[in-house]
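Enquirer: Okay, here's the structure, questions in a sec.
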Protein chains: 4
Amino acid sequence: MARRHLHRMRIAFSDCDPAQIVFFANYFKWFDTAFREFCTACGVPSWRETTATRGIIGAPLVDAQAKFRNSATYGEDIEIESWVEDWGGKSFVMRHVARRGDTVLCEGREVRVFAVQDPEDPLRIKAIPIPEDLRAACS
Amino acid sequence: MARRHLHRMRIAFSDCDPAQIVFFANYFKWFDTAFREFCTACGVPSWRETTATRGIIGAPLVDAQAKFRNSATYGEDIEIESWVEDWGGKSFVMRHVARRGDTVLCEGREVRVFAVQDPEDPLRIKAIPIPEDLRAACS
Amino acid sequence: MARRHLHRMRIAFSDCDPAQIVFFANYFKWFDTAFREFCTACGVPSWRETTATRGIIGAPLVDAQAKFRNSATYGEDIEIESWVEDWGGKSFVMRHVARRGDTVLCEGREVRVFAVQDPEDPLRIKAIPIPEDLRAACS
Amino acid sequence: MARRHLHRMRIAFSDCDPAQIVFFANYFKWFDTAFREFCTACGVPSWRETTATRGIIGAPLVDAQAKFRNSATYGEDIEIESWVEDWGGKSFVMRHVARRGDTVLCEGREVRVFAVQDPEDPLRIKAIPIPEDLRAACS
């Protein structure tokens, strides 16, 4: 069974919009943070360190999706559960579920790649085959 | 053919992350703004006004997806093209494409509903059947 | 001596800018959250509740200042210490210090008022004299 | 008389908080963008370019302050006027005023330095004496 990680947080006033609920795009930001916390829990060094040691600048998204099930508002405590659902050759699928108690708020699905700076254009980035050690650590 | 709207903007330093590129979740924020600009161009009053006149607090998302095709960075000018791809009974599908010149940066797909405050719980919201006049305006 | 509150958090990748450090405006956002956590620790009900019971929509800022002492980056754990430095008739001064271990990162000073919706213009807000019970709770 | 620059923008839904008004910290973000637009208008190359050519990674803040005069909400068009108020040896003072028509919304004051990567710690940054050519360009 896949490794799972729980990331806990409290919704802030500034996370909410004039409809009084979490501005939806924040879930994507939180899933990204939850992904990094998942990596850390799995023993993956910081991207700063992997950039220095192996040129891997991180695991950027090629596709992100979220389904919004229930709304949430500021002052509420939520948790995000994260795991890898599938490993491909160059990409992998992360899943995230944000919950307030037993209530599912948002379900996320991310397709990510491990990336290096594009040698032909330092302003762009480039996917590499999934490194075996990172796959093993996160499985 | 569906009505289309172009939203132009310049990427700011603070829109970018330590990888020097746009932090992906900003595309979702920008698509949301582009959707509202699309509505305004179609003659839909502000949500503030529809809240006051009809109880419609806005058109929140039930599903959002983006495919990230090429990275972009600060100082670059981009445009977002937006249109309604499909109308359902209670939901509709918005499409957005962000481009820098001819380069597609990000393609977005949003499933939205028109919502009112939940009469049974003022902290939550509730979808309503798509109002005919709003559908006509945005088609 | 004034009541003090400690708010702990970890800096996220998306909190940082292309210079690899915390984007400065995030400190203002975090101080705002720290202020609300301070209120909660002092027994002040949520603004949602005070809006319903007393019309007080919150304690918006009339002035905010921060001095940036040392930079910080993602993955670092920081804490924010918050207290009221001074009470005026209609406004009060909050102080915040963000630290990473013993290193001061940022010092904040906020002038806040308690506000109600402006009876003459529901889109605007208006300061009220500081309620005695809220002052007592936060001192 | 100092060079001045006008930056125009429309307030988005996601810029506003549950009090229905601009979340205050966004003014700091917008002033930062307005500062960069000011630099561009003055002929200062992108920080990406100055990093490559001269090691100058940008002009980070050592102090930022804002006074909030009137609230604003989404859908409103505003403009930000920016200029250098004072030049010191290692720092300079930027001023910004955000207006909606004739109404002043927010007045900002930033103390900035030109910075290079700290040679003793690549994760930190360091101020340099103000380069004469940048001072001349922005005056």
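Enquirer: GluC sites (Glu not before Pro) within segment D:103-139: which are DSSP loop residues with at most 10 other Cβ atoms inside 10 Å?
Expert: D:120
Enquirer: Using only helices, what value at 222 nm comes out for chain A when you add -39,500 (n - 2.57) per DSSP H run of length 4 or more and divide by the total residues, to the nearest 500 deg cm²/dmol?
Expert: -7000 deg cm²/dmol
Enquirer: What is the dipole size for segment A:5-133, taken about its Cα centre, with +1 at each Lys and Arg Cβ and -1 at each Asp and Glu Cβ, in debye to the nearest 20?
Expert: Approximately 80 debye in magnitude.
Enquirer: For chain D, set up a Gaussian network in which alpha carbons nearer than 10 Å are linked by springs, and say which option among D:109, D:124, D:69 fluctuates the most.
Expert: Maximum fluctuation in the GNM of chain D, among the listed residues, is at D:124.
Enquirer: Right, something else. Can you give me the long-range amide H partners of residue C:125? Hydrogens built in the peptide plane at 1.01 Å from N, cutoff under 5 Å, separation of 5 or more residues or another chain.
Expert: C:118, D:71
Enquirer: I've got another one for you. Have a look at C:115, C:12, C:66 and tell me which one the Gaussian network model of chain C (Cα, springs below 10 Å) gives the largest fluctuation.
Expert: Evaluated over chain C, the most mobile residue of the options is C:12.
Enquirer: In peptide A:22-34, how many Cβ atoms from other protein chains are near each Cβ within 10 Å, on average?
Expert: 6
Enquirer: A further question follows. So what are the protein assembly as shown's ellipsoid semi-axes, whole angstrom, largest first, if each one is the square root of 5 times an eigenvalue of the alpha-carbon gyration tensor?
Expert: One finds semi-axes of 32, 32, 26 Å for the protein assembly as shown.
Enquirer: Here's something else I'd like to know. So for segment D:5-134, averaging the separation of alpha carbon pairs under 8 Å that are six or more residues apart and normalising by length, what relative contact order in percent results?
Expert: 27 percent
Enquirer: If the viscosity is 0.692 mPa s and the temperature 37 °C, what Stokes-Einstein diffusion coefficient in µm²/s follows for segment B:22-70 when Rh is the Kirkwood radius over Cα pairs?
Expert: 265 µm²/s
Enquirer: Turning to a different aspect of this structure: Along the principal axes of its C-alpha atoms, what lengths does chain A span, in descending order and rounded to whole Å?
Expert: Principal extents (Cα only, largest first): 46, 36, 23 Å.
Enquirer: Specify the angular offset, from 0 to 90 degrees and rounded to the nearest 10, of the alpha carbon long axis of helix C:25-41 from the longest principal axis of the alpha carbons in chain C.
Expert: Helix C:25-41 sits roughly 50 degrees off the main axis of chain C.
Enquirer: Nearest beta-carbon of B to the rotation axis carrying it onto D: which residue, how many whole Å?
Expert: So the closest residue, with its distance, comes out as B:9, 5.
Enquirer: Let me ask you something else. Residue-wise, which Karplus ³J(HN,Hα) couplings in Hz belong to segment D:47-64, taking 6.51 cos²θ - 1.76 cosθ + 1.60, θ = phi - 60°, and x for glycine or proline?
Expert: So the Karplus estimates, Gly and Pro as x, are 5, 4, 6, 5, 4, 5, 8, 9, x, 7, 7, x, 10, x, 8, 9, 7, 9 Hz.
Enquirer: Also: What does the copy distance list look like for residue A:104, label position 7 Å along Cα→Cβ, in nm and ordered from shortest?
Expert: Taking the point 7 Å beyond Cα along Cα→Cβ, the inter-copy spacings are 3.0, 4.9, 5.3 nm.
Enquirer: Per-residue HN-Hα couplings for segment D:17-24, Karplus 6.51 cos²θ - 1.76 cosθ + 1.60 at θ = phi - 60°, whole Hz, x for Gly and Pro?
Expert: Whole-Hz 3J(HN,Hα) from phi for segment D:17-24: 10, x, 7, 6, 10, 3, 5, 3.
Enquirer: Let me ask something else. Which of B:31, B:114, B:13 moves the most in a Gaussian network model of chain B with Cα springs under 10 Å?
Expert: B:13
Enquirer: Starting from a Cα-only point model with no solvent, please compute log10 I(q)/I(0) by Debye for segment A:69-139 at q = 0.13, 0.22, 0.23, 0.27 1/Å.
Expert: The computed values of log10 I(q)/I(0) come out as -0.55, -0.91, -0.95, -1.13.
Enquirer: A further question on this structure: What residues have an amide H closer than 5 Å to that of residue A:16, excluding those fewer than 5 places away on the same chain, when H is modeled at 1.01 Å from N in the peptide plane?
Expert: Residues meeting the criterion, in which the H sits 1.01 Å from N, are A:23.
Enquirer: Okay, next question. Tabulate in residue order the Karplus-calculated ³J(HN,Hα) for segment D:80-94, using 6.51 cos²θ - 1.76 cosθ + 1.60 with θ = phi - 60°, rounded to whole Hz; enter x for Gly and Pro.
Expert: Result, rounded to whole Hz: 10, 9, 10, 7, 8, 8, 7, 10, x, x, 10, 9, 9, 10, 9.
Enquirer: Compute the distance in nm between two label points, each set 7 Å from the Cα along the Cα-to-Cβ direction, one at residue D:90 and one at residue D:103.
Expert: 4.2 nm
Enquirer: Sticking to Cα atoms, compute the Rg of segment A:37-100 to one decimal and its Dmax as the biggest Cα-Cα distance, whole number, in Å.
Expert: 14.9, 42
Enquirer: Let me ask something additional. By accessible area of protein heavy atoms, probe 1.4 Å, what ranking do A:33, A:40 get, highest first?
Expert: Solvent-accessible surface, decreasing: A:40, A:33.
Enquirer: Using modelled amide H (1.01 Å from N, peptide plane; none on Pro or chain starts), what sits under 5 Å from the amide H of residue A:114, excluding residues fewer than 5 places away?
Expert: Amide H to amide H, under 5 Å and 5 or more residues apart or across chains, residue A:114 pairs with A:128.
Enquirer: How many angstrom lie between the Cα centre of segment B:38-66 and the Cα centre of segment B:70-139?
Expert: 10 Å
The values are calculated or read from the model by the stated rules, or taken from the named source; none is laboratory data. Please read all numbers here as calculations on a predicted model, not as lab measurements. As a convention, Cβ positions derive from the backbone with ideal geometry for all residues, glycine included, and neighbour counts pool all protein chains shown. Note: accessible area is taken over every heavy atom of the protein model, side chains too, but ligands, DNA and RNA are not part of it. Shrake-Rupley method; radii C 1.70, N 1.55, O 1.52, S 1.80 Å.
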